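Since the structure comes first, as structure tokens, the remarks are kept for the end.
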Amino acid sequence: MSNAIALKEITKRYKDVTALRSVSLTASKGEVFGLLGPSGSGKSTLLRIIDLLETPDSGEVQINGETVHSDSKDAFQTRRRIGMILQKPMVLNRSVENNLAYALLIRGWSEEEIHKRVDRELKRLGLEERRMKNARTLSGGEMQRLCFARSTIFDPALLILDEFTANLDPANVALLEDMVRGYASENEDRAVIVVTHNLFQAKRMCHRMALMWDGEIVEVADKKRFFEAPEDERTAAFVSGELVY
Amino acid sequence: MALEVSYDVIQVTLLSLYVSGCATILGSAIGIPLGALIGLKEFGGKGLLKTITYTMYGFPPVVSGLAIYYLFSRAGPLGSFGILFTPTAMILAETLLVIPLTTGITIASVAEVDRSVKETVKSLGTTPRQSVLTVMREAWVGLVMAAMIGFGRCIAEVGAAYMVGGNIKGETRVLTTVIMLETRQGHFDYALGLGLVLIVVAMAVFFFLRLLQEKELL
């Protein structure tokens, strides 16, 4: 399997704080990769660097084998191949329908294509009746599902999720996880990176995962080894629940 | 007499609306994009530029009038345009007063848009221009407020309008300048009536702008 993402020796500092220390990582196409670790370990910073929202101090980011830079003029073209969902659902102050259409409009899709794709997503979300309602009137779970649909409506090759179910009830968590699994399994070329500190979620969703600690990757392993036979003592303590953070 | 008076009032009211409306539109057309640019871009001296913009809220109308008077007086650098003592000169002077207000309020409005919304928009793959336009749309209520405050400044303005308009009957006489004139001549009742007209007209325009502000942009 070829790499969807390859990070090489990424370092990032914010004034006196080192957020990432020479992080190297790969995620393959067809893989759901989990990034685990306590708050402040650098997971979100790493995701923001992958989505070209942050510039690393040093190191290299490759997406589908191509080196990308957040400060290049066509960084937005790279972002157009990535879907990102944040912890807090961020809908625009417009209708449900236009929130979905937005991601396609900015890509210059034709009106007919937009209409067709938006209808399909509304049906999938069960929001056809409320298509003209302002998206901010939806419940938290509905908003997050709308954000998921908006970030995947353009078929991104890479989907990155940052604590995407952190504030949701179990029913909505299950719905969203199903949506992610469905998305990942639809096409073998797709890769998903999930940031979470929920061990159970990582176990349910990810094929492979890494533990981040204080800006470093402690261990990368497939699910079975990560949970059953971790090599690093911090991973062992993390998965056994002995590590309080 | 009554007919003549009502004709004057209508004419003066319409001119007030025309001058204030044009100055608001022009001032918003310049100030809102400028404010969005200052508010959303990072550059050296941004803090200083914002302070200057906010300080200009208190820009004295007579100074704005003086600047336009100097530029367009017969001996001035733009004197050949011959627009002094016309509604055009009044519009320009009032536009100068509106620009700092619309710029400053837009800076504050776009800054108020949640940082996560800005990042989400960027993350979806917008070009820099698309990002700015989307954030401006998210700040819609604030942008209409900018236009409202701009209009409020124009419709109540007297110093600049008097200086570059000259209060010429039938040509550059607006509600505020005629109120001043009638008060000076001792026609208090007439001045008071015109004051009432001014308030009603301003309220009608604000009512329309409030509707625009509360309209959900779906």
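The values are calculated or read from the model by the stated rules, or taken from the named source; none is laboratory data. All figures in this text were calculated on a predicted structure; none of them were measured in a lab. Cβ coordinates were reconstructed from backbone atoms using ideal geometry, including for glycine residues, and neighbour counts include every protein chain displayed.
General remarks:
The rows are residues; the columns are (1) farther than 13 Å from B:A89 by Cα; (2) crowded, with 16+ Cβ neighbours inside 10 Å.
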residue	(1), (2)
B:G31	yes, yes
B:T51	yes, no
B:T55	yes, no
B:L71	no, yes
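- Test: residue in the stretch A:31-42 that is polar (S, T, N, Q) and touching a residue at least 24 places away in the same chain (Cβ under 8 Å): yes
- Among the residues here, B:G186 qualifies as in a loop (DSSP other than H, G, I, E, B), out of contact with any helix residue (DSSP H, G or I) (no Cβ under 6 Å at 6 or more places or on another chain) and more than 13 Å from B:P87 (Cα to Cα).
- Cross-chain or 6+ apart pairs with Cβ under 6 Å, the stretch B:50-65 first and within 15 Å of B:L37 (Cα to Cα), then exposed (fewer than 14 other Cβ atoms within 10 Å of the Cβ) and modelled with pLDDT of 90 or more: none
- Residue that is farthest from the chain's Cα centre (by Cα), among those in the stretch A:96-130 that are crowded, with 19+ Cβ neighbours inside 10 Å and under 22 Å from A:L168 (Cα atoms): A:L127
- Wholly within the stretch B:82-138, helices (runs of 4 or more DSSP H) carrying at least 1 residues that are within 14 Å of the chain's Cα centre (by Cα) and closer than 30 Å to A:L105 by Cα: B:87-112
- Criterion (among the hydrophobic types (A, V, I, L, M, F, W, C), on the phi < 0 side of the Ramachandran plot and loosely packed, with under 15 Cβ neighbours inside 10 Å) met by exactly one of B:A147, B:A204, B:A191: B:A204
- Residue in the stretch A:89-105 that is modelled with the lowest pLDDT, counting only those that are assigned to a loop (DSSP other than H, G, I, E, B), at the interface with chain B (Cβ under 8 Å from one of its Cβ atoms) and within 11 Å of A:R150 (Cβ to Cβ): A:M90
- Residues located in the stretch A:52-71, provided they are modelled with pLDDT under 95, of a type in the set (D, E) and assigned to a loop (DSSP other than H, G, I, E, B): A:E54, A:D71
- The condition (being in contact with a helix residue (DSSP H, G or I) (Cβ under 8 Å, 6 or more places away or on another chain) and either in a strand (DSSP E or B) or within 19 Å of A:E31 (Cα to Cα) (or both)) is satisfied by just one residue among A:R145, A:R181: A:R181.
- Yes/no for A:V173 being of a type in the set (A, V, I, L, M, F, W, C) and under 18 Å from A:A157 (Cα atoms): no
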